[in-house]
Amino acid sequence: MSGKEKKLDLPKIPEGLTALDVPDYEWADEHEISDSIIEDCGIHNQSAYKPCFDRVVFQNVVFRGTSLRKAEFTDVRFVNCDLSNIDLSEVILHRVSFHNCKLLGMDITGSTLRNVWFEQCYADYAVLRFTNAKGVKFEKTSLAKADLSNMTIAQFYMKEANIDQAQFSQTKLGGVDISSCEFNAIGAGLEDLRRCIISPAQAITFAAHFGLVVDDGTN
């Protein structure tokens with residue numbers, strides 16, 4: 001559910017982070033990276049199970065063919081990164097922000113999100129199904145054709161997001177304000193949309209979606 005927007009807890013990033021040279025770094029299962037900045041590089045064809053990232057900044061990093069399943073990210077910021085098609089299924093994101101990132105096809109199925117902010121990102125075709133999300137905001141972010149089905153949500157905010165053809169089946173949107181969002185159609189049933197906040201123009205779109213006829217009084 002959602003109501004009046006509550007302020008998210010943003011990543012707590014200390015000063016004086018240590019620069020980490022990724023090409024010389026050996027990725028390993030259950031390894032921890034903390035108090036570091038990783039920038040201006042590519043992370044390609046890497047796989048690690050249950051790695052832990054604490055107080056880390058990723059800036060201008062391109063991920064390719066990367067899998068970080070069941071990873072834990074706490075106080076992490078991604079800036080100008082490309083995480084397209086990354087496998088982040090069953091991860092834990094706590095106080096994490098994504099700014100101007102490319103997240104096309106990113107898979108975070110079955111994950112836990114707490115205080116996560118997506119700002120000016122491209123997350124078309126992203127997969128968030130079966131995700132437990134509390135304190136999550138999509139701001140000026142594209143989620144066209146993304147899969148947000150079967151999510152459990154609270155304090156869930158969407159501001160000026162593109163959700164055209166996004167799938168919300170079995171995700172209860174009661175109290176969620178999508179009135180500033182852009183879409184021609186979304187995948188959701190009547191029960192999913194009950195008490196969802198929409199604009200008058202969107203009401204006409206939904207009426208057509210459910211086969212209703214709106215009488216404007218001119219006939």
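The values are calculated or read from the model by the stated rules, or taken from the named source; none is laboratory data. Treat the numbers as computed from the prediction; the structure is a model and nothing was measured. For neighbour counting, all protein chains shown are included, and Cβ atoms are generated from backbone atoms with ideal geometry for every residue, glycine included.
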Considering only the range 168-192, state which residues are free of Cβ contacts under 8 Å to residues at least 24 places away in the same chain and in contact with a Gly (Cβ under 8 Å, 6 or more places away or on another chain).
-> SER169
Residue list for the range 1-19, restricted to those being at pLDDT 90 or above and either assigned to a loop (DSSP other than H, G, I, E, B) or within 28 Å of TYR157 (Cβ to Cβ) (or both) | LEU8, ASP9, LEU10, PRO11, LYS12, ILE13, PRO14, GLU15, GLY16, LEU17
Failed item, numbered, when GLU15 is tested on (1) under 24 Å from PHE130 (Cβ atoms); (2) surrounded by fewer than 20 Cβ atoms within 10 Å (Cβ to Cβ) = (1)
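Quick one: how many residues across the range 126-152 are among the aliphatic types (A, V, I, L, M) and not in a loop (DSSP other than H, G, I, E, B)?
The initial filter retains those residues of the range 126-152 that are among the aliphatic types (A, V, I, L, M), namely 126-128, 133, 136, 143-144, 146, 148, 151.
If we keep only those that are not in a loop (DSSP other than H, G, I, E, B) as well, we get 127, 133, 136.
Going through the range 126-152 one residue at a time, the tally reaches 3.
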Exactly one of ARG55, ARG69 is buried (at least 17 other Cβ atoms within 10 Å of the Cβ) and within 14 Å of ALA19 (Cα to Cα), and that residue is ARG55
Has the range 193-200 got any residue that is at pLDDT 95 or above and among the hydrophobic types (A, V, I, L, M, F, W, C)?
-> no
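Just one of ASP35, ASP87 is within 29 Å of SER149 (Cα to Cα) and modelled with pLDDT of 95 or more; which is it?
Numbers: ASP35 fails: within 29 Å of SER149 (Cα to Cα).
Just one listed residue meets the conditions, ASP87.
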Residue that is surrounded by the most Cβ atoms within 10 Å (Cβ to Cβ) [pool: residues in the range 115-125 that are in a loop (DSSP other than H, G, I, E, B) and at positive phi] | TYR125
